[in-house]
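Q: First the structure, which I've put down as structure tokens, then a few questions once you've had a look.
Each reported figure results from applying straightforward, stated rules to the coordinates on display, with no laboratory input. All values derive from a computational prediction rather than experimental measurement. Counting neighbours? That spans all protein chains shown, and the Cβs are built from the backbone with ideal geometry, glycine included.
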Amino acid sequence: MATPNSTFDRTVRWIGNLDHPLYDDERQRHIWYEASAIAFQASLFGVLAVAAGAVWIGGREAIPYTVAFITVSYINLFIFSAYTRSKRTGYLPARSDALRPRTLISLGLAVLYFAGVARNLEWAAAWIVSFAAILGFGVAAAVLAGNRRGRNLDGDEELG
Amino acid sequence: MARTKSTGRTNQVRPYRRRAEMTQAQLAGNVGVSRQTVVSIEAGDYAPSVYLAMRLASIFDTTVEALFDEEANT
């Protein structure tokens, strides 16, 4: 767990501009946090939707750009996970919520994207992209699983 | 788990403020928040932090329970 004045903590506070006077009023701070969460979720959907549309409309030339967009999304997800873990807070809902509409929409967009990629590549390249995709999903799953463990740390705290 | 959402909750901040003959802006200035925050608290749209709740209780010379405990105020 990062201490309040660790390099990580100072860095993320600088990136998030969390010491700005904008956050002085607690309700305003609360609203901005909610707005940030909405924007973050929208960007996750948006990147997948744009990437899926781009490979079907733009064809092969669009693939490198979509990979760049998706990579940035993964980095954002990693920062999100690292920050919540540093505060000993998990962000995942219960397992029973795993198949919520938002998850199904994301999976649908991902399938659409990879179908578009496969359609535009030679078989060898399609295999490479598929392998990279599986690797990427594996890394994401590991990050999410790690976050779930981080959340469970709250229950392991000793008294005294 | 107890409900922690603020929306739809009632409180006694407005009656106490009126009794103290304060405007929302004056109260906001006294506790160090924006007037809009006071408006939202009075409307039950925003649940203040424990520190703000204590400042409000202190301003009105009462307790946090008297201001925000729904069961005590029904």
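Q: Could you calculate the contour length gain from residue B:51 to residue B:70, that is, 0.36 nm times the residue separation minus the distance between their Cα atoms, to one decimal place in nm?
A: Gain on extension, residue B:51 to residue B:70, equals 5.0 nm.
Q: Once you put a point 7 Å from the Cα of residue A:88 and another 7 Å from the Cα of residue B:43, both along the Cβ direction, what distance in nm separates them?
A: If labels sit at residue A:88 and residue B:43, their model points lie 3.7 nm apart.
Q: How would you rank A:9, B:45, going from fewest to most other Cβ atoms within 10 Å of each one's own Cβ?
A: Fewest to most other Cβ atoms nearby, the residues stand as B:45, A:9.
Q: From the square roots a ≥ b ≥ c of the eigenvalues of the alpha-carbon gyration tensor of the stretch B:13-68, which class results: rounded (a/c under 1.5), prolate (a/b over b/c), or oblate?
A: rounded
Q: Which value, in debye to the nearest 20, describes the size of the charge dipole of the stretch A:25-95 about its Cα centre when Lys and Arg Cβ atoms bear +1, Asp and Glu Cβ atoms bear -1, and nothing else is charged?
A: Charge dipole of the stretch A:25-95: 320 debye, to the nearest 20.
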